[in-house]
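Following: one structure in C-alpha cells, then a few remarks.
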C-alpha cells in the first residue's frame, strides 16, 4: 500500500509521535513518492485546500484515465493538501474501487504486452513509471516466462516479415532485429525468433519487372 507520511506533520491518528495507526499497521516514514523525480517538490499545504473538492476533481480525472495510488497522492499534495489529507482521500477512493494498483497493472499488461507485443521488461518499466509497487508488478507479470516471450516475438516477427517483401536476407534481418529490439526483446530471443524467417532467404533482393 502506498502512503505518504510527512515527518513534519503531527496529525497521526494515535495522537502521539511514533504511535502506529489504528489497526496496528506500522508505516515507515516516507519523504518521497515512488517514481517521483528529484526535481519535483510538493508545495506547502494551504489552509484553504478542500479535500472534498480535490477528491471531486480526482473522480473526474479517474473517469477519463486510471491513476495509480502514488499519482493520486501526488495530485492531492500538489493541490495543497497535507500528507494526512491526501492519504485520507486516497483511502476513500480506494474503498470506492476507483483506485487499484493491481487493476491498473493488469490493464497495462493487456495494453502493452498482449495488444502491442512489448516485452516483459518494457511493460515492467511502464508500470514503474506509473509508480506501481514493485511487488505488484512482479505478481502481475509472474506468468510471463521466456517461452511466452519467444512465442510473442516469433509471431510479431512473422507478421512484420510478411509486410517486408522483396528484401535480401541481410536487410530483412536488420529490419526484424530493430523491430523486435524497439519492443524490448533481448538479443537471444530476437535471434531465435527471426531465424526461421531467414532460412532459405536469398542474399540478393528480388526484383520486379515493370512494363509501361
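Taken together, the values in this text are just the output of simple stated rules run on the coordinates, not laboratory data. Please read all numbers here as calculations on a predicted model, not as lab measurements. Every residue, glycine among them, receives a Cβ derived from its backbone with ideal geometry; neighbour counts consider all protein chains shown.
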Mean Cα-pair separation over length for the range 146-198, i.e. relative contact order, pairs under 8 Å, 6 or more apart, %: 52 percent
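Could you put 150, 96 in order, starting from the residue whose Cβ has the fewest other Cβ atoms within 10 Å?
Values: 150 16, 96 11.
In order of increasing Cβ crowding within 10 Å: 96, 150.
Relative contact order for the range 38-119 using alpha-carbon pairs under 8 Å, separation at least 6, rounded to a whole percent? List each step's numbers first, then the result.
Values: 55 pairs, mean separation 26.7, N = 82.
Reported relative contact order: 33 percent.
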Relative contact order computed over the range 101-141 (Cα-Cα under 8 Å; 6+ residues apart), in percent: 52 percent
Alpha-carbon Debye profile of the range 101-141, log10 I(q)/I(0) at 0.35 Å⁻¹: -1.36
Which of 192, 155 has the fewest Cβ neighbours within 10 Å, and the rest in rising order: 155, 192
Angstrom value of the Kirkwood radius, inverse mean 1/r, which spans all Cα pairs in the range 141-198: 11.5 Å
Per-residue Cβ neighbour rank within 10 angstrom, fewest leading, 99, 136: 136, 99
